[in-house]
Amino acid sequence: MTDKNHEASGSFSAEDVQHMHYALQLAAHARDIENEVPVGAVLVQNGDVIGLGWNRNITLHDPTAHAEIQALRAAGEKLGNHRMVGATLYVTLEPCSMCAMAMIHARVGRVVYAAADPKTGAAGSVFDTLISEYHNHRVEVVGGLLAEESAILLRDFFRARR
């Protein structure tokens, strides 16, 4: 981790890139099919995709239906467990505090995010929730993977709504 935003450009594996591309596809789905803010998430454990999610707040009338929460819920159902020990969550936007705490409770091992969120980011931009010494579990954080692609999706979505 080289700076406040935990960016580690160039330290991503081919698997990291593959899963983030999948998360970007889910973000595009949120935008195109459900007219939701384009954020997608892919949860991987031991090389297997165990949960997928995209923003569904508007569709489900649920303020907790962020992409990360959706992926964690899907994984919980698939695994029959509320813990995803050692899993990696790939998400197209830096997680907020709510999502960060859900990852801590689920014992996610690592989060890889694309675009930083300078307003509500809880993975280093505004808060350091995922690595806080106050929690009994810490999540490894790396950001910036395919950040520009994610930022373009978000920027274009909000421009179109104005």
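So here's what we get for this one:
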| quantity | calculated |
| --- | --- |
| Note, ³J(HN,Hα) from phi for region 42-58, Karplus 6.51, -1.76, 1.60, rounded to Hz, x at Gly and Pro | 10, 10, 10, 9, 6, x, 9, 6, 10, x, 10, x, 8, 4, 9, 3, 5 |
| Rounded to the nearest 20 debye, dipole of the chain from Cβ charges on Lys, Arg, Asp, Glu | 340 debye |
| Accessible-area composition of region 46-131, carbon plus sulfur, in percent [1.4 Å probe] | 57 percent |
| Among ALA100, LEU24, GLY86 - extreme Cα towards positive end, dipole of the chain, charges at beta-carbon | ALA100 |
| Sequence-distant residues sharing a close amide H with GLY40 (under 5 Å, placed H) | ALA27, THR92, LEU93 |
| Under 5 Å, built H, 5+ apart or other chain: amide partners of GLY143 | GLU7, ALA8, TYR113 |
| The chain - percent relative contact order, Cα under 8 Å, separation 6 or more | 22 percent |
| Under Karplus coefficients 6.51, -1.76 and 1.60, residue-wise ³J(HN,Hα) of region 22-36 in Hz, glycine/proline x | 4, 4, 5, 5, 5, 5, 5, 4, 4, 5, 7, 9, 10, 6, 9 |
| PHE158/VAL85 FRET efficiency (R0 45 Å; Cβ-Cβ; nearest 0.05) | 0.80 |
| Rounded if a/c under 1.5, otherwise prolate or oblate - the chain, Cα gyration tensor axes | rounded |
| Given charges at beta-carbon only (K, R positive; D, E negative), |dipole| of region 38-131 in Debye | 160 debye |
| Helix-only [θ]222 nm of the chain, DSSP H runs n ≥ 4, -39500 (n - 2.57) each, per residue, nearest 500 | -12000 deg cm²/dmol |
| Rounded to whole Hz, the Karplus (6.51, -1.76, 1.60) HN-Hα couplings of region 98-108, x for glycine and proline | 4, 5, 4, 5, 4, 5, 5, 5, 7, 6, 4 |
| Residues with amide H under 5 Å from that of VAL108, placed H, sequence gap 5 or more | MET84 |
| Among 112-121, 71-80, 33-42, the order from most to least packed when residues are scored by Cβ within 10 Å on average | 33-42, 112-121, 71-80 |
| Residue-normalised accessible area of the chain, given per residue in Å² at a 1.4 Å probe | 48 Å² |
| Rounded to 5, the percent of DSSP beta bridges in the chain classed as antiparallel | 50 percent |
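The values are calculated or read from the model by the stated rules, or taken from the named source; none is laboratory data. Bear in mind the structure is a predicted one, so any value in this text is a computation, not a measurement. Methodologically, a virtual Cβ is constructed for each residue, glycine included, from the backbone with ideal geometry; neighbour enumeration extends over all protein chains shown. Only protein heavy atoms, including side chains, enter the accessible area calculation; ligands, DNA and RNA are left aside. Shrake-Rupley method; radii C 1.70, N 1.55, O 1.52, S 1.80 Å.
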